[in-house]
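What follows is a set of notes on a single structure, which appears directly below.
The values are calculated or read from the model by the stated rules, or taken from the named source; none is laboratory data. If you're wondering where the values come from, they're calculated on a predicted model, not measured in any experiment. Reconstructed Cβ throughout: ideal geometry from the backbone, glycine too, with neighbour counts over all protein chains shown. Please note that ligands, DNA and RNA were not included when accessible areas were found on the heavy atoms of the full protein model with its side chains. Shrake-Rupley method; radii C 1.70, N 1.55, O 1.52, S 1.80 Å.
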Amino acid sequence: MKKMTCAEMGGPAECTHEITGATAEEMAKNGGDHVVAAHPEMAEKMKAMTPEEHAKWLADFTPKFAAAPEV
């Protein structure tokens, strides 16, 4: 299980909410759930992402997940 903050995942810089996941996909889902609950304006932007924009986000996120600390 790994841990990152919302800000480390690309959320608002001031958000220190910790998100965990065993895989990059699980952490992305958990982070998305947090964004929907805590940052509705950002959730709307995420929903409007094109498949290409989502693929770029995932490509940028995957090495960050790999480097995240284990909990």
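The amide H of residue 21, built 1.01 Å from its N in the peptide plane, has 2 as neighbours under 5 Å, considering only residues 5 or more places off or on other chains.
Work through the residues other than residue 20 whose Cβ is under 9 Å from its Cβ and net out their charges, Lys, Arg +1 and Asp, Glu -1. Neighbour charge sum, excluding residue 20 itself: 0. Counting only whole DSSP H helices of the chain, the ones at least 18 Å long by C-alpha along their axis and with mean Kyte-Doolittle hydropathy no lower than -0.5 are 24-38. Per residue, the chain exposes 64 Å² of solvent-accessible protein surface, assessed with a 1.4 angstrom probe and all protein chains in place. Straight-line reach from residue 2: taking Cα to Cα under 15 Å and skipping same-chain neighbours fewer than 8 places apart, the aspartates and glutamates in range are 18, 25, 26, 70. For the chain, the direction-averaged projected area of the alpha-carbon convex hull comes to 4.3 nm².
Using just its DSSP H runs of length 4 or more, each adding -39500 (n - 2.57), the chain gives a mean residue ellipticity at 222 nm of -18000 deg cm²/dmol after division by all residues. Once the chain from residue 54 to residue 66 is taken as fully extended at 0.36 nm per residue, the excess over their C-alpha distance is 2.5 nm.
Within the accessible surface of the chain, defined with a 1.4 Å probe on protein heavy atoms only, the carbon and sulfur portion equals 61 percent. The length gained on full extension between residue 38 and residue 20, counted as 0.36 nm times the residue separation minus their Cα-Cα distance, comes to 4.9 nm.
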